[in-house]
Amino acid sequence: MILAGRQIDHPVVLAPLAGWTDTVFRRICKEFGVGLIFTEMASADALVRNRQRTLDICRFTPEERPIGVQLFGAEAEIMAGAAEIVAALEPDFIDINFGCPAKKVVRRGGGSALMRDLDAIQTIAAAVVQATPIPVTAKLRAGWQEAVAVEACQRLQGAGVAAVTVHPRTQKMGFKGEADWRLIGQVKNGVSIPVIGNGDVNTPEDAKRMLEETGCDLVMVGRAARGNPWIFRQITAYLEEGTLIPPPSFDERLSLCIRHLDEQERYYGARVAVFNMRKHISFYLKGGERVTQFREQLFRQNDIEQVRASLVQFQQQHTLIGITG
Ligand SMILES: Cc1cc2nc3c(=O)[nH]c(=O)nc-3n(C[C@H](O)[C@H](O)[C@H](O)COP(=O)(O)O)c2cc1C
């Protein structure tokens, strides 16, 4: 499909996941057939205060395109200023975060706190749209306490937003309970801009069901992609060819884990890579035999050569005894 002039090759989107979806992980997901990518959220306040580390969060490589850079903040003027700053990186989209439930974000009036004030949502969106020629998208939750996403999306459309992502949980729900997909369908019926459905897509069958039940244009996958970029290949194969690709073997998971470590080292250097990779490694190892003890030992190691050697050895032991996950 074409989204605001950009070609999207596959109907599956990588969600912004703070602390997870850095450029290294995003490039891996892209190899597995993700159609559209968003960066993790970046603080508009920090960007306008010229914090280089925040600008680094927004950086991406050409192979990640099409990509949206996500901003959060509570004030229209600051969000517009931040949009001008990230526009210099020439992302395909600038995405506004109206969904984050984290205390440190909502305390300052950003993320899902804005779902209590639809006028503010509209003002912020209009300011960001005006700030640069780059198409603006927005990602929101159902609401703060009750579902207001339909009216919110109508107002966003009115403000010139090119597409919306709906995660149909309220702020109060956090990540508990079930995402009520009916709300995605209601938003789809209430607006004419493309709608990206999000929430609890964990399998190819879930992706198909979400598209069919809600009529949304694209599906977004977040938590299920951690340690599992294969999910994107599985979803695209199922949606586009009706084929169910079996999950990767444990051997394949470890091979990718080791490559992910190598690429982290190339991008960040050894020390940061060892630290960053711990969470990823935990997810790549999920479901393997004798993982708990191995992980404990591994996470005591700070030297990247040791970490790499331990992963290779663990992989060989599993291959030798024929455990394939
Ligand atoms: C660790 C973590 C970090 C997240 N970071 C962001 C973020 O930076 N921006 C955002 O809009 N949503 C963020 N989310 C929400 C996800 O993008 C997504 O909406 C949510 O996880 C529901 O989708 P899922 O069921 O596929 O995981 C985050 C979620 C998790 C679990």
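None of the figures in this text is laboratory data; all of them are computed from the coordinates on show. Predicted model only: the values in this text are computed from it and were never measured. All Cβ positions, even for glycine, are placed from backbone atoms using ideal geometry, and neighbour counts span all protein chains on display.
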Task: Extent along principal axes [Cα atoms of the chain; Å; largest to smallest] - done: 61, 45, 35
- [ ] In a Gaussian network model over the chain where Cα atoms closer than 10 Å are linked, find which of Ala15, Ala207, Ala270 has the largest mean-square fluctuation.
- [x] Ala270
Task: Projected-area average for the range 98-216 over all orientations - Cα convex hull basis, square nanometres - done: 7.2
Task: Least to most buried among Asp56, Asp45 (fewest other Cβ within 10 Å first) - done: Asp56, Asp45
TODO: Please list 147-157, 256-266 highest first by mean number of surrounding beta-carbon atoms within 10 Å per residue.
DONE: 147-157, 256-266
Open item on the list: Please give me the summed charge of the neighbours of Ile78: other residues whose Cβ is under 15 Å from its Cβ, Lys and Arg +1, Asp and Glu -1.
Closed with: -1
Open item on the list: Here is the link list: Lys188/Lys279; Lys30/Lys172; Lys30/Lys286; Lys30/Lys139; Lys103/Lys208. Which ones come out longer than 30 Å on Cα distance?
Closed with: Lys188/Lys279; Lys30/Lys172; Lys103/Lys208
Open item on the list: Under the 0.36 nm per residue contour assumption, what length would be gained going from the current alpha-carbon distance of Arg259 and Gln130 to full extension?
Closed with: 42.3 nm
Open item on the list: Using only the alpha-carbon atoms, how far is helix 304-320 inclined from the longest principal axis of the chain? Give it as 0 to 90 degrees, nearest 10.
Closed with: 70
Open item on the list: Show me, for the range 289-297, the HN-Hα J-couplings you get by feeding each phi into the Karplus relation (A = 6.51, B = -1.76, C = 1.60, θ = phi - 60°), rounded to Hz, glycine and proline as x.
Closed with: 7, 6, 7, 4, 5, 4, 5, 4, 5
Open item on the list: Just to be sure I understand: with springs between alpha-carbon atoms less than 10 Å apart, which residue in Pro248, Pro91, Pro62 has the highest mean-square fluctuation in the Gaussian network model of the chain?
Closed with: Pro62
Task: Isotropic mean projected area of the C-alpha convex hull, the range 250-320 (nm²) - done: 4.0
Task: Length-normalised contact order for the range 196-242 - Cα pairs under 8 Å, 6+ apart - percent - done: 43
Open item on the list: Suppose we take every Cα in the range 34-103 and form the convex hull; what volume per residue is that in Å³?
Closed with: 91
